[in-house]
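J.: First the structure, which I've put down as structure tokens, then a few questions once you've had a look.
Bear in mind these aren't lab numbers, they're just calculated from the coordinates by the rules spelled out. Just so it is clear, the structure is predicted and the values come from calculations on it, not from any experiment. No Cβ is skipped: glycine too gets one built from the backbone with ideal geometry, and neighbour counts run over all protein chains shown.
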Amino acid sequence: MNFELSNSTPKFSQTRFGLEIRPIIGIRNSDYEFIFNPIVDIGFGKHGEADFAPAARFARKIDTDLFVGLEYYADFGEIGHFGKLSDQQHTLFAVTDFKLGVFSVNFGLGYGLTPASDRFVVKTIVGYAFPVPGGNSGSSDRPTTSGPVNPMSRSTARFVQQ
């Protein structure tokens, strides 16, 4: 489960403060992973509402620190009052996760599937895992920035895998 409190400017959101609630449901084996996030975005204030914005990811491990896959992001709109399909956002991304030195990179090219979606989207996340005293520093078979990261979300929450 991931929670994020956000403070956004009017240029990016109808409300100044928001909360993203991101349950993390997934299955992973040595070669594949499937992750689903039934996300609820809550805006606080006069124009606030609770939106349902699910995300999903299917990826295949190609090499030790290299994954390729598809990520899907949606925003159905206000819970209890979903918009028409043409008013909803639905975007599909081709993605890759890889290591670049000490950094983990998630890069994706997306295409909007509905008129309300951005037609083409490029996303990237660069992550760094701070060493934990007594931890397993540097030995991971998995980039730490993988998983659905909603580029259309009011907030900039990201999915963090353990």
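J.: Please report, in cubic angstrom per residue, the volume enclosed by the convex hull of the alpha-carbon atoms of the range 63-121.
T.: 93 Å³
J.: Can you spot the lysines whose alpha carbon is less than 21 Å from K123's alpha carbon? Ignore those fewer than 8 places along the same chain.
T.: K11, K61, K99
J.: Report the net charge of residues surrounding G110, where surrounding means a beta-carbon distance below 12 angstrom and charges are Lys +1, Arg +1, Asp -1, Glu -1.
T.: 0
J.: Another one. Over the range 1-86, consider all pairs of different Cα atoms and compute the Kirkwood hydrodynamic radius from their mean reciprocal separation; express it in Å, one decimal.
T.: About 14.6 Å, per the Kirkwood formula over Cα pairs.
J.: How many angstrom lie between the Cα centre of the range 46-72 and the Cα centre of the range 99-127?
T.: 10 Å
J.: So, one more: Which ordering of R119, R57 is given by a fewest-first count of other beta-carbon atoms within 10 Å?
T.: Ranked by crowding around the Cβ, least crowded first: R119, R57.
J.: Could you go through the range 68-73 in sequence order and give the Karplus-derived ³J(HN,Hα) for each residue, using 6.51 cos²θ - 1.76 cosθ + 1.60 with θ = phi - 60°, rounded to whole Hz, and x for Gly and Pro?
T.: The phi angles translate into 10, x, 10, 10, 10, 10 Hz.
J.: Something else now. Residue separation times 0.36 nm, minus the C-alpha to C-alpha distance between V68 and H47: what's the value?
T.: Here the answer is 3.7 nm.
J.: To continue, here is another question. Treat each spin label as a single point 7 Å out from the Cα along the C-beta direction, and report the R16 to V122 distance in nm.
T.: Placing both labels 7 Å along Cα→Cβ, they lie 3.5 nm apart.
J.: Pairs of Cα atoms under 8 Å, at least six residues apart: use those to get the relative contact order of the range 66-117, whole percent.
T.: Computed over the range 66-117, the figure is 38 percent.
J.: Just the number: Rg to Rh for the range 28-145, Cα atoms, Kirkwood Rh, two decimals. Before the final figure, lay out each step's value.
T.: Working: Rg = 17.1 Å, Rh = 16.1 Å.
Over the Cα atoms of the range 28-145, Rg/Rh equals 1.06.
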